[in-house]
1. Rounded if a/c is under 1.5, else prolate if a/b beats b/c, else oblate: with a ≥ b ≥ c from the C-alpha gyration tensor eigenvalues square-rooted, which is the stretch 35-182?
2. Place a +1 charge on the Cβ of each Lys and Arg in the stretch 123-260 and a -1 charge on the Cβ of each Asp and Glu, then give the dipole magnitude about the Cα centre in debye, rounded to the nearest 20.
3. Local charge sum around residue 119 (other residues, Cβ-Cβ under 12 Å, Lys/Arg +1, Asp/Glu -1)?
4. How charged is the neighbourhood of residue 36? Take every other residue with its Cβ under 15 Å from the Cβ of residue 36, and add Lys/Arg as +1 and Asp/Glu as -1.
5. I need the shape label for the stretch 111-260. Rule: rounded when a/c is under 1.5, else prolate if a/b > b/c, else oblate, with a, b, c from the alpha carbon gyration tensor.
6. Using only helices, what value at 222 nm comes out for the chain when you add -39,500 (n - 2.57) per DSSP H run of length 4 or more and divide by the total residues, to the nearest 500 deg cm²/dmol?
7. Using a 1.4 angstrom probe on heavy atoms only, work out the carbon and sulfur share of the accessible area of the stretch 115-250 in %.
8. On a 0 to 90° scale, report how tilted helix 124-137 is relative to the longest principal axis of the chain, with both axes built from alpha carbons and the result rounded to the nearest 10.
Amino acid sequence: MKTIQSRDNPFFKELKKLAGSARQRGKSGQALLDGVHLVRACLDAGVQPQHIVVSRSGTSDAELAALLDGLTGVPVASLGDALFAELTELKSPTGVLALIARPQPRVRAADSQYALLLETIQDPGNLGSIIRSAAAAGCDAVFLSGDCADAWSPRVLRAGMGGHFALSINESADLLATAAAFAGRCHAATLAARDSLYACDLRGRVAFAIGNEGAGLSLSLQQACRTFTIPMSGKVESLNAAAAAAVCLFEANRQRANAS
């Protein structure tokens, strides 16, 4: 295990850039996973880390020690707690980070069976929650417009809770081209639609388009999909984007279960 003690260490500088810069993550094709849960999800998906980084105090943690014992051929670096704290946003770090190569998209629109099209979802917590719901619902792909939040940022990864490794994450996608290439039915959640979500046939190949809370979906993407609204009996105008996505996904799952 290599010990790093200086902020001037080139590897530490590289990690610091990755932790704080979406541009650097995109340029390098890498991401940092923060915490035992995310590292285990990565390993369970067959993704081998390029490097493991642990805090000095974290090396005494039994769960982390068991995780490290199961790794072979992965270099490990130890940082002092103060240096490690500069790489994590967690108030109570678990003491481990994994440097990975971001998995390449593996499902194209034409091949997808069950997908989400996300337009201008800019809140990292929302985006991570949507990815988590999509993974839980059994989606095979998520397509993000170029102005969505960075899907591999630390905040999105934490909110995704490992869902990134159960899906094909397609960033900077042309959503109109994606909708046109998708072989099933594309549905779009909007406030102005007349049809209810619950009146839509959501069996078989289906994709949902979800837009930004403030602006909603662009008119062009609405026109490329069958639009619906989510009925609400309360006195709020709309749902949070993550909540709307979850409602749509699990209504589709309910219909599929009842049809089988």
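1. Working: a/c = 2.67, a/b = 1.98, b/c = 1.35.
Note, shape of the stretch 35-182 comes out prolate.
2. Details: 11 positive and 11 negative charges, 94 e Å.
That gives the stretch 123-260 a dipole magnitude of about 460 debye.
3. On the way: positive: none; negative: 147, 174, 213.
My count for the surroundings of residue 119 gives -3.
4. Local charge sum for residue 36: -3.
5. Details: a/c = 1.29, a/b = 1.18, b/c = 1.10.
Cα axes put the stretch 111-260 in the rounded bin.
6. Values: 10 runs with 92 residues, N = 260.
So the calculated ellipticity at 222 nm is -10000 deg cm²/dmol.
7. Numbers: 2730 of 5470 Å².
Carbon and sulfur: 50 percent of the exposed surface of the stretch 115-250.
8. Computed tilt is about 70 degrees.
The values are calculated or read from the model by the stated rules, or taken from the named source; none is laboratory data. Everything quoted here is computed from the prediction, not taken from an experiment. Every residue, glycine among them, receives a Cβ derived from its backbone with ideal geometry; neighbour counts consider all protein chains shown. These area figures cover heavy atoms from the full protein model, side chains too; ligands, DNA and RNA do not enter into them. Shrake-Rupley method; radii C 1.70, N 1.55, O 1.52, S 1.80 Å.
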